[in-house]
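Each reported figure results from applying straightforward, stated rules to the coordinates on display, with no laboratory input. What you see is a predicted model, and the numbers here were worked out from it, not measured in a lab. Note that we place each Cβ from the backbone using ideal geometry, even for glycine, and neighbour counts take in every protein chain shown.
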Ligand code: 9MR
């Protein structure tokens, strides 16, 4: 399919908040400052000014200038920014800009649910589908799933949860971090007194109206699965979590979940998965407590068992080589997962054993808990810092102050990196990895938390500008979120939303975030179409490019977190 030409004037194609930053990037060979004009829907110039030449921008490989119209605060739709004969895509300025994205980006998880029919009354007929992996032929899972040979001699019921991405695998490390972000979005909103927007009957989920906040209903679908992945008592590795469950071989595309005829297998437990379960379940115990204390108790007991099992088996690593039929999610350094899980368990229980695990961890004082590339499924120390910085706990005040400073120092780093780049991206030029859009969103989460801790508006502005990047102010002038912006990703790698392969199938639903530029070109389509690309331009909206254009729960989770944050009104 032909790619629509994008304007040289790159904006957030959804728009800008009245009280937020409003910047655009202009691709131009001009070296001197240019005039920008902001025009309203009837073409009237409502503001104008001069761009700031920025010269060559390394990540995009483009020569750019920046226009700043932040001081314009009047609401409306159909604005365009015009510079040097080029006009941007149209955009809005309004306070409710992110209301729709808040629910659409969170609805992604419901669409990804395994083990339940996705009902037309909630999602519309195009996205409805039968339940996947409930043991109904041709499915072979997930009610009675055997372990791989050499792992164990029994079967487990591991139904439910969310499919990870465009595939049908379910991976505990990635499920854990994604659940954590979904629940954390609620916990953060609650601290701000704004959790009603995520409360009961705010989302299109089957559980709406049950008295439980819908965001927690959604998280519970995955938490139940994560707890099913725990090795039962009386078996070797009891209390640990199986690393993952997926098909014996990669399934063809397209293929809806209920059509999958491959054998499903449990892969051996890992310390990383066990600690992910411990962290997510400990967080569950704290956040669900006011709404369902019995469930909170269940989560806490799973978290304690997982923690003890990880301590007893501290070096059972998932190898990178285990990638037949599913992703590896290999991780051979788990000190960061120990720190994160200890932080969650301590914040929830206040118990000295967990406090000691926090304070004796090398990550308690390490200067690089926030890596230059942000946190990820394999780098979780930052999550420990975020919880200990925001949830009241019994650490000495000086420790809490130092932990909080580490959050703001990381956010300062992202801000200065954004200021130094033509497109205001928090990741460095060499940070365009598989899932770079998820990293951008994760960094924005850190900036938002720094804003909460300090009250300094620069951090909120940074988080919002990261959103600008995802929604069109980027090297390709493309919104990476389906259905948001004039030109958005439409062909993400997915076995059901595979319209590009079969026109009878839907495109990804609105609110689905593409993985984004990946300069390593790790799939054949990217290798063919993107040779020689500048890092931030190594992306193609083709269903075959799984290394640049897949969707995944760990990328939509920070997007949903951010959308909920950005949708909150700051005044009144
Ligand atoms: O997000 C994962 C990325 O960090 C890895 O480099 C990549 C290759 O191992 O795998 C990514 O995760 C994919 C997983 O392996 C399988 N389901 C889809 C995930 C997103 O592409």
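For the pair residue 31 and residue 224 in one chain, pulling the backbone fully straight at 0.36 nm per residue adds 63.7 nm over the alpha carbon distance. Taking Cα atoms only, the orientation of helix 553-567 departs from the longest principal axis of the chain by about 50 degrees. Ranked by the mean number of other Cβ atoms within 10 Å of their residues, highest first, the peptides 361-372, 299-310, 506-517 come out as 506-517, 299-310, 361-372.
One chain, two ends: residue 192 and residue 249. Fully extended at 0.36 nm per residue, the span grows by 15.9 nm beyond their Cα-Cα distance.
Would you mind pulling out the separation of the Cα centroids of the range 245-275 and the range 299-375, in Å? Measuring centre to centre over Cα atoms gives 24 Å.
Please list log₁₀ I(q)/I(0) at q = 0.07 Å⁻¹ for the chain, using the Debye equation with identical point scatterers on the alpha-carbon positions. Normalising to I(0) and taking log10 leaves -0.38. Exposure proxy shown here: for 244, 140, 170, the number of other Cβ atoms within 10 Å sets the order, fewest to most, as 140, 244, 170.
Given a Förster radius of 56 Å and the C-beta distance between residue 520 and residue 144 as r, what FRET efficiency does 1/(1 + (r/R0)^6) yield to the nearest 0.05?
0.90
For the range 551-567 and the range 394-414, write down the distance between their C-alpha centroids in whole Å. Between the Cα centres of the range 551-567 and the range 394-414 lies a distance of 24 Å. Averaging Cα coordinates gives a centre for the range 419-459 and one for the range 82-117; these two points are 19 Å apart.
The gain in end-to-end length when the residue 312 to residue 58 segment is fully stretched comes to 86.7 nm, 0.36 nm per residue minus the alpha carbon separation.
Here the Kirkwood formula puts the hydrodynamic radius of the range 99-395 at 19.3 Å, using every distinct Cα pair.
In whole percents, the pair-distance distribution calculated for the range 70-152 from its alpha-carbon pairs, binned every 10 Å from zero, is 13, 24, 20, 18, 13, 10, 3. For the chain, the longest principal axis of the C-alpha atoms and the axis of helix 457-470 are separated by about 90°. Only DSSP H runs of four or more residues enter the estimate; each adds -39500 (n - 2.57), and after division by the residues of the chain the mean residue ellipticity at 222 nm equals -11500 deg cm²/dmol. Each label point was placed 7 Å from the Cα along the Cα-to-Cβ direction; for residue 529 and residue 430 their separation is 2.9 nm.
Taking the longest Cα principal axis of the chain as reference, the axis of helix 436-454 is set at about 90 degrees.
Starting from the Cα of residue 95, step 7 Å along the direction of its Cβ; do the same at residue 40; then give the gap between the two resulting points in nm. Here the modelled spin labels are 1.9 nm apart. A simple spin-label model places the labels of residue 238 and residue 328 3.3 nm from each other, with each point 7 Å out along Cα-to-Cβ.
Run the numbers on the range 99-395 and let me know its relative contact order in percent, using alpha-carbon pairs under 8 Å that are six or more apart. Please report the intermediate quantities before stating the final value.
Values: 560 pairs, mean separation 47.2, N = 297.
Averaging sequence separation for qualifying contacts and normalising by length gives 16 percent for the range 99-395.
Quote the FRET efficiency, to the nearest 0.05, computed for residue 409 versus residue 137 with a Förster distance R0 of 56 Å and r equal to the Cβ-Cβ distance. Show your work: numbers first, answer last.
Numbers: r = 55 Å, r/R0 = 0.99.
The calculated FRET efficiency here is 0.50.
Measuring nothing but how far apart in sequence close Cα pairs (under 8 Å, 6+ apart) lie, relative to its length, the chain scores a relative contact order of 16 percent.
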